[in-house]
Structure formats: C-alpha cells, structure tokens
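Working notes for the structure below.
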Amino acid sequence: AKREGCRHAATVDDAAGRQTEVLPVLVDQLFKSSGASINDVRRVVVTVGPGAFTGIRIGLAFAKGVKVATGAEVLGVSSLECLARQAHATRSIGAFAAVIDAKRGEVYVYGVDKNRACWIEPSLVGVSDAINLLRGCKENELWVTGSGQGLVVGQVGRPITPNIEHVD
C-alpha cells in the first residue's frame with residue numbers, strides 16, 4: 001500500500017544466472033528514475049523463496065547490505081505471495097493464483113481471492129493436485145501467473161486467464 005509522501009519504484013528483469021551483475025544496475029536505475037537516493041530507503045522487501053537458491057541468496061545478501069548501509073528495515077516475502085498480489089494489483093477482479101514450476105512434476109502454488117484473502121495456502125504439490133486446488137476456486141474469474149502456469153492452464157476445466165504479466 002502506498003503512503004502519502006513515499007516514493008515507490010519497481011522493475012522486472014529476467015536476470016537468470018546474472019543476478020550478481022544485474023541487481024546493482026537495476027537498483028541504480030530505480031533510484032535515477034524515481035529521483036531517490038540510497039539514503040531515502042526505509043524498507044527493503046526481498047523474496048525468501050521458493051525460487052532459485054542462488055538468486056534468493058544474492059537478493060538476501062543485497063538487502064542485508066542496504067540495511068547495513070542505511071539502517072533500512074528488511075522484510076522477507078514469499079515469491080508465491082509476491083506474484084499473486086502483484087497480479088492482483090494489476091487486475092482487481094477475480095481470484096489470483098501463483099504457480100511456480102518446481103520441476104519433477106511438482107509446482108509451488110498459492111492463491112488469493114478477489115478480497116486478497118488466501119484460498120490456497122502456499123504448497124508444494126504435484127501438478128494434478130495443483131489443478132484440483134485451482135478447480136476449487138469460488139470466483140468467476142481466475143488469473144494464473146508464474147513459471148508453472150503453463151502446466152495447469154487448460155487442465156482446470158474452467159476459463160482461466162493466464163499470464164497477466166509473466167513474472168518468474
């Protein structure tokens with residue numbers, strides 16, 4: 001939620017395998033585009049997974065560095081919750097599910113309804129179990145995002161709007 005007098009900036013980049021080189025550049029670009037500086041940072045939000053171990057570790061180390069430099073609060077969030085709520089912020093109707101491919105026929109899944117209440121707890125399940133969980137959605141519209149959405153879209157047996165903005 002935005003607070004009056006606060007500046008917010010965000011960016012998305014597929015930096016798989018290049019996080020160490022890309023993260024500082026992206027943060028610098030965010031500061032430049034928002035007119036802020038490192039000294040303006042009061043809170044850093046960083047994912048704690050699920051996701052690529054190296055990418056999570058790099059993000060956590062970067063957040064800790066910002067905390068040491070500025071005294072900013074560090075807040076860890078689930079990748080699943082972040083994806084679902086980011087999707088919800090772009091479309092305020094229907095339910096939202098984040099599905100991340102965990103490989104080996106499994107996915108991480110999480111869902112929120114139109115009121116942002118959790119209807120699927122963060123879980124690691126088989127693809128068929130994820131499909132059954134998604135079939136339990138009570139909303140008229142279901143939006144699915146994440147790297148595993150292709151594994152479930154079309155299998156649920158009801159209209160799903162996939163890939164609002166694909167973010168891994």
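The values are calculated or read from the model by the stated rules, or taken from the named source; none is laboratory data. None of the values given here were measured: they were computed from a predicted structure. The protein model used for the area step is the full one, side chains on, heavy atoms only, and it has no ligands, DNA or RNA in it. Shrake-Rupley method; radii C 1.70, N 1.55, O 1.52, S 1.80 Å.
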- Task: Would you mind getting the accessible area per residue of segment 31-168, heavy atoms of the protein chains only, 1.4 Å probe, in Å²?
- Result: 54
- Query: Once amide H atoms are built 1.01 Å from N in the peptide plane, which residues 5 or more positions from Val44, or in another chain, come under 5 Å H to H?
  - Reply: Glu73, Val74, Leu75
- Task: Return the carbon/sulfur percentage of the accessible area of segment 42-89, one whole number, probe 1.4 Å, all protein chains in place.
- Result: 62
- Amide proton proximity set for Gly146, modelled H, under 5 Å, gap of 5+: Val99, Val167
